[in-house]
Amino acid sequence: MSDKKIFIFDTTLRDGEQVPGCKLNTTEKIELALQLEALGVDVIEAGFPISSPGDFHSVEEISRIIKNATVCGLSRAVQKDIEVAADALKKAKRPRIHTGIGTSDFHIKSKFNSNREEILQRAVQAVKWARNLVGDVEFYAEDSGRTDNEYLARVIEAVIAAGATVVNIPDTTGYCLPDQYGEKIAYLVNNVKNIDKAIISCHCHNDLGLATANSIAGIRNGARQIECTINGLGERAGNTSLEEVVMVIKQHRQLGFYTGINAKELNPLSRAVADTMRMPVQPNKAIVGANAFSHSSGIHQDGFLKDASTYEIINPEEVGADESKIVLTARSGRSALAFRFKKLGYEFNRNDVDTLYDRFLQVADTKKEVLEADLHDMAKAYAGTTVTA
């Protein structure tokens with residue numbers, strides 16, 4: 001079963017930090033890095049060392065304190081970048097240099113004003129430079145999602161031969177459909193003769209809302225590492241969401257995959273990242289959103305109260321979330337109202353609830369949500385109410 005382990009590569013501190021307004025100082029990066037290690041991530045991409053003295057210092061300090069996870073520094077396929085990354089990683093117990101170059105014709109022609117053969121040579125040279133400095137080198141073929149598969153296979157075979165231990169196949173623009181991305185990974189598995197010498201990694205962006213689906217398609221076709229961020233933070237529409245891919249893998253046991261992530265830390269770390277990076281989580285965000293375990297429709301509430309599994313596939317405790325919520329709105333039914341009254345300590349029989357429900361609907365039609373204070377007011381106004389708490 002060991003070949004079914006999916007390595008979780010977290011890039012919250014690098015790609016996630018590229019979100020406007022989410023810049024972190026060294027102290028903040030260290031605090032989050034320690035929590036990421038406690039979460040159980042396999043790789044922490046700590047930053048882009050050559051980008052600024054502050055980022056270099058952050059990578060250096062994270063390298064010093066992290067004991068179990070691999071610490072990774074990003075670079076371009078430029079010798080100075082790679083040397084600076086290696087310097088920043090000197091204190092790491094498990095250092096990795098992440099270097100690479102764009103391989104799609106969009107990048108080759110428009111970004112580099114170059115050609116495929118020259119780019120292939122630059123890719124190989126970058127890996128050789130990095131491999132002379134550290135034993136673990138990851139190569140990214142930027143914009144793999146729009147790269148011709150035959151050419152991509154040539155590049156990947158060449159960089160593995162040059163010493164790459166991990167090959168990153170980014171859907172940089174979030175363009176691919178899941179079947180297209182999965183087929184791309186399968187093509188590499190079947191056409192790169194030395195592919196068994198490296199781990200294939202998925203780095204998917206969310207421009208079309210497909211990052212999680214594409215990453216899962218990637219591992220189903222042979223990839224064994226997923227690059228992701230807490231809360232799905234990242235450039236433009238964001239990256240693959242760590243909490244989503246981890247829980248997809250955990251819920252769909254029939255796939256046979258597993259990770260080393262402690263799922264109970266997902267919600268606490270999500271809140272820590274949101275607070276530290278000053279980027280609130282959307283309420284309907286899967287796994288960690290405020291409404292992820294909330295029920296407001298009467299039909300849903302009735303089913304949930306009879307058996308939680310009718311509308312919840314994850315126990316909130318399993319991911320460190322607060323208990324499920326029954327939210328009272330004009331769409332709520334009698335069972336939800338009775339449940340909430342009982343939670344407040346009121347014991348009403350069915351006839352009582354029927355009577356109170358009419359008043360409840362009047363209040364609910366004037367408000368987005370009926371709150372505890374409203375329920376207390378209704379109960380107190382109801383003649384003959386018996387209060388047990």
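The values are calculated or read from the model by the stated rules, or taken from the named source; none is laboratory data. What you see is a predicted model, and the numbers here were worked out from it, not measured in a lab. So basically every Cβ, Gly included, is an ideal-geometry build from the backbone, and we count neighbours across all protein chains shown. With ligands, DNA and RNA removed, areas are computed over all heavy atoms of the protein, side chains included. Shrake-Rupley method; radii C 1.70, N 1.55, O 1.52, S 1.80 Å.
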Checklist entry - All but one of (1) closer than 20 Å to Phe56 by Cα; (2) surrounded by 22 or more Cβ atoms within 10 Å (Cβ to Cβ) hold for Lys93; which doesn't? => result (2)
Item to check | Scan of segment 163-179 for residues that are surrounded by fewer than 17 Cβ atoms within 10 Å (Cβ to Cβ) and not in a loop (DSSP other than H, G, I, E, B), ordered by number | outcome: Asp179
Next on the checklist: Among the residues in segment 330-343, are any open to solvent by less than 30 Å² (accessible area, probe 1.4 Å), among the aliphatic types (A, V, I, L, M), within 28 Å of Met247 (Cβ to Cβ) and not in a helix (DSSP H, G or I)?
Outcome noted: no
Checklist entry - So which residues in segment 344-375 are over 30 Å from Val288 (Cα atoms), open to solvent by 40 Å² or more (accessible area, probe 1.4 Å) and not in a loop (DSSP other than H, G, I, E, B), if there are any at all? => result Arg350, Asn351, Asp354, Thr355, Asp358, Arg359, Leu361, Gln362
Next on the checklist: Can you find a residue that is part of a helix (DSSP H, G or I), among the acidic types (Asp, Glu) and over 26 Å from Ala46 (Cα atoms) anywhere in segment 196-204?
Outcome noted: yes
Next on the checklist: Being within 30 Å of Ala153 (Cβ to Cβ), among the β-branched types (Val, Ile, Thr), out of contact with any helix residue (DSSP H, G or I) (no Cβ under 9 Å at 6 or more places or on another chain) and open to solvent by less than 30 Å² (accessible area, probe 1.4 Å): is that true of Thr70 here?
Outcome noted: yes
Next on the checklist: With the requirement that a residue be open to solvent by 20 Å² or more (accessible area, probe 1.4 Å) and assigned to a loop (DSSP other than H, G, I, E, B), what does segment 237-255 give you?
Outcome noted: Ala237, His252
Next on the checklist: Pairs needed: first member in segment 123-136, of a type in the set (Phe, Trp, Tyr); second member anywhere, part of a helix (DSSP H, G or I); C-beta distance under 7 Å; at least 6 residues apart or different chains.
Outcome noted: Trp129/Gln79; Trp129/Ile82
Item to check | Qualifying residue in segment 93-105 (condition: farther than 19 Å from His205 by Cα and free of Cβ contacts under 8 Å to residues at least 12 places away in the same chain) | outcome: no
Next on the checklist: Checking Tyr187 against (1) hydroxyl-bearing (Ser, Thr, Tyr); (2) touching a helix residue (DSSP H, G or I) at 6+ places or on another chain (Cβ under 6 Å); (3) open to solvent by less than 40 Å² (accessible area, probe 1.4 Å), only one condition comes out false. Which one?
Outcome noted: (3)
Checklist entry - What residue, among those in segment 220-236 that are under 20 Å from Ala46 (Cβ atoms) and among the hydrophobic types (A, V, I, L, M, F, W, C), is surrounded by the fewest Cβ atoms within 10 Å (Cβ to Cβ)? => result Leu233
Checklist entry - Any idea which of (1) farther than 24 Å from Val41 by Cβ; (2) surrounded by 14 or more Cβ atoms within 10 Å (Cβ to Cβ); (3) polar (S, T, N, Q) is the one Ser270 doesn't satisfy? => result (1)
Item to check | Options Gly21, Gly16, Gly47; residue that is touching a residue at least 60 places away in the same chain (Cβ under 8 Å), of a type in the set (Gly, Ala, Ser) and either crowded, with 18+ Cβ neighbours inside 10 Å or under 14 Å from Leu89 (Cα atoms) (or both) | outcome: Gly16
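Yes/no per residue for (1) under 30 Å from Tyr151 (Cβ atoms); (2) touching a Ser or Thr at 6+ places or on another chain (Cβ under 9 Å):
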site: Ala186; (1), (2): yes, no
site: Ile195; (1), (2): yes, no
site: Ile199; (1), (2): yes, yes
site: Cys202; (1), (2): yes, yes
site: Gly209; (1), (2): yes, no
site: Thr240; (1), (2): yes, yes
site: Ser270; (1), (2): no, no
Item to check | Pick from segment 274-304, criterion in a helix (DSSP H, G or I) and aliphatic (A, V, I, L, M), ranking: surrounded by the fewest Cβ atoms within 10 Å (Cβ to Cβ) | outcome: Ile299
